[in-house]
Amino acid sequence: MKNCITVIVDNKSQIGLKNEHGLAIYIEYNGQRILFDNGQNKEALFYNAEQLNIPLTNLDFIILSHGHYDHSGNLDTLLKLNPNAHFYAHPDCLQTRYSLHPNKAPHTISIKPNILMALSEFADTQKHFITNATEITPGMWLTGQIPRIAADEDTGGPFFLDTDKKQPDLLNDDMSLWLHTEDGIAVICGCCHSGIINTLTHIKQRLPSETKMTLLLGGLHLVHANKTRIDATIDYLNQQHIDNIYPAHCTGDNAQALLQQHCANVHSAKAGITLFL
Ligand SMILES: [Zn+2]
Ligand SMILES: [Zn+2]
């Protein structure tokens, strides 16, 4: 079985599939079946998976990149369907959190209560809350918590842990995944609230300096990013010489267009695409 990655849910989709504001990525890697995030609503994930002939019943790993509603909406069903799967996330994903836009009512963007309940009922032996970089199966790693070093990067939105704007939400639970392939490493992001420069810097610190990067796929959360940040991102990505970049989900149309204009090998991701490794 060849290793492959399929986007099941994204903000955009191929004809015949459903799209939503959310992300779910399916990975087959060395005989292991992994679901990285699981979308927002009930409709898109299971409909698209069926159209794509991806059974979501014998998963080995169910991973949550971070605790936002648009990445965790089907976790209750998935945990029921996959009692033997290993669940991985950062412990802060369980926090109650808000998006507080100036002209809008406070908006809860946490994992939904019924999903948290299902997670609490899932077997403790199968649940892994991690903060450090962890190899979950040979060659496949989760970043753990990502240090925030890059000057131009922030979490990408008005995120708070309270509705009085006293406690900023640093999204410390934001993790990405990387896997080793013959052509270099492939990096998969959820929303990348840590920032892509911080994320790739953190991963590269764990690898020999000559390690190539063959793929970057996922949400880069540049939807509200200013020009300084987008320029810094473009410069950094160009220095990495990544074979293929597929920004997805919350990257934002403006940032997507600028990345495609100024970086080589940037493509558009959507539900339905499969990449072979
Ligand atoms: Zn998201
Ligand atoms: Zn998010």
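The values are calculated or read from the model by the stated rules, or taken from the named source; none is laboratory data. Here the structure is a predicted model, which is why all the values come from computation and not from measurement. Positions of Cβ are backbone-derived with ideal geometry, glycine not excepted, and every protein chain shown enters the neighbour counts. We work out accessible area using only protein heavy atoms, side chains counted, and drop any ligands, DNA or RNA first. Shrake-Rupley method; radii C 1.70, N 1.55, O 1.52, S 1.80 Å.
Things worth noting here:
- The helix-based estimate of mean residue ellipticity at 222 nm for the chain, built from -39,500 (n - 2.57) per DSSP H run of four or more residues and divided by its residue count, is -6500 deg cm²/dmol to the nearest 500.
- Centroid-to-centroid separation of region 125-140 and region 238-277 [C-alpha atoms, Å]: 27 Å
- Neighbours of residue 60, meaning other residues whose beta-carbon lies under 13 angstrom from its beta-carbon, give a summed charge of 0 when Lys and Arg score +1 and Asp and Glu score -1.
- For region 1-104: span of alpha carbons on each principal axis (Å, largest first): 50, 35, 22
- Over all other residues within a Cβ to Cβ distance under 14 Å of residue 23, the charged ones net out to -2, with Lys and Arg as +1 and Asp and Glu as -1.
- Region 107-192: relative contact order as a whole-number percent, Cα under 8 Å and 6+ apart: 22 percent
- Percent breakdown of C-alpha pair distances by 5 Å bin, ordered from the shortest bin, for region 4-276: 1, 6, 14, 18, 21, 18, 13, 7, 2, 0
- Rel. contact order, % - alpha carbon contacts under 8 angstrom, at least six apart, the chain: 19 percent
- For the chain, built as a Gaussian network whose Cα springs stay under 10 Å, the top-fluctuating residue of 157, 190, 31: 31
- Ligands, DNA and RNA are left out, and with a 1.4 angstrom probe the accessible area of region 4-276 is 42 Å² per residue.
- Solvent-accessible area, 1.4 Å probe, carbon plus sulfur percent, for region 4-276: 50 percent
- Kirkwood Rh, Cα atoms: Rg over Rh of region 131-277: 0.96
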